[in-house]
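Since every read-out is calculated from the coordinates, none of them should be taken as a lab result. None of the values given here were measured: they were computed from a predicted structure. All Cβ positions, glycine included, derive from the backbone under ideal geometry; neighbour counts span all protein chains shown.
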Amino acid sequence: MKGGRATNGSRDDFEDEEVAKKVRASLAVHSSFWPEAACLDIEAEVDGLSQLARGGRFRAKTLDRTPLRSKYFFGYGYTYGSQISKKGEEQILPPELIDPVPDWIYLKLILPLEEKGLVPEGWLNSAVVNDYRPGGMIVSHIDPPKLFARPIFITSFFAEGRLVFGSRFSFPNKGGAPETTSPKCVCPMPRGSLTVMDGFSADGITHGIRPQDLDGRRVSIVLRHVFPNAPRVPQPPTASNVVAKIPLPLAASAAPAWGVESALPEAREAGHAGHAGEAGDHVACDRGAVAVRAAPKAEEEIDEFGRRRRKPGGKVSYEGETCDSGIPRAGTAAMSEKQRAALARLQKRKTKGSRSRSIRR
Ligand code: OGA
Ligand code: MN
């Protein structure tokens with residue numbers, strides 16, 4: 001049924017009441033989940049990322065930069081948009097190409113969710129930072145269900161953004177603004193909010209953000225659980241990646257061998273509405289053919305999340321900055337007592353090699 005109320009920020013939008021009801025029943029927006037001080041702190045950390053990016057300090061596939069938005073993949077990266085030929089073919093990239101989840105994201109974003117009992121400890125193993133400039137967007141899509149468990153958590157910083165459901169995007173003017181159909185539901189995500197997407201809102205309808213849905217520069221940090229058996233970019237055995245299959249003492253048994261399973265037909269079926277290309281903001285990218293950089297150095301053991309584990313107590317390079325492990329890097333905002341204790345626990349677990357934060361499905 002058409003003719004719902006006009007919605008925030010977009011005077012011309014009229015929701016589809018029935019669809020909007022279903023979206024709102026399966027989507028929770030917690031406003032002020034992060035109060036002002038926490039927002040400022042997290043926003044300073046985000047600005048730190050762009051500085052590291054300018055210095056070229058990230059691994060090959062951590063950062064995907066276009067004029068209107070920068071996308072950072074931590075923990076896991078995946079092929080998407082123009083990098084795939086068909087919806088449903090998204091695949092996890094080799095972990096060597098992606099930086100681990102930074103400690104500040106764990107401490108300031110993931111830990112509060114764990115402490116509130118929203119997720120089991122260790123379950124969130126991927127963080128994507130979307131830094132949208134004014135005029136930026138994300139075309140309508142469904143987060144690939146083969147890759148990501150539900151619920152999906154979206155956090156918002158710097159400015160409000162509105163998530164629009166059921167709006168179709170087209171690009172009649174190459175490289176220009178998109179043409180979009182009226183969304184069936186518009187959900188404001190204010191600065192400092194946590195949006196939890198599950199059920200119908202996650203799987204039954206597409207979501208996206210049009211340029212008019214961003215009130216200036218906005219950063220979202222999307223927190224998700226990547227299935228350990230998600231389809232992966234197939235890697236031919238080479239001298240550099242075969243090491244992951246050899247039971248070296250430091251190559252963690254959890255380190256996935258790049259399987260041939262992703263080449264199987266069932267892994268290739270386009271089973272959902274699709275993570276459509278981020279048209280207008282994508283970069284030309286090699287399709288599937290991902291060069292594997294050198295295997296992790298011996299002291300860089302891989303943990304159960306596919307992240308590189310830092311050598312306890314040693315001088316290590318992290319995000320390109322050298323620091324003593326356990327001590328915040330220069331530029332990192334001061335930590336609270338609670339965060340310090342959590343970081344100490346995290347370091348202890350890493351040192352002991354405990355599996356207590358093993359991936360749960
Ligand atoms: C995504 C997504 C929404 C946002 O990255 O899949 O839907 O608010 N992002 O950035
Ligand atoms: Mn999404």
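Numbers at a glance
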| quantity | calculated |
| --- | --- |
| Ordering of 54-63, 14-23 by packing [mean C-beta count within 10 Å, highest first] | 14-23, 54-63 |
| 3J(HN,Hα) from dihedral phi, segment 94-111, Karplus parametrisation 6.51/-1.76/1.60, rounded to Hz, x for glycine, proline | x, x, 4, 8, 10, 6, x, 5, x, 4, 5, 5, 4, 6, 9, 10, 6, 4 |
| Interchain or long-range residues, amide H under 5 Å from T66's placed H | K71 |
| For D99, distant residues with modelled amide H under 5 Å away | R59, T62, G75 |
| Links that overshoot a 30 Å alpha carbon limit, given the list K146/K184; K61/K87; K71/K146; K61/K338; K61/K116 | K61/K338; K61/K116 |
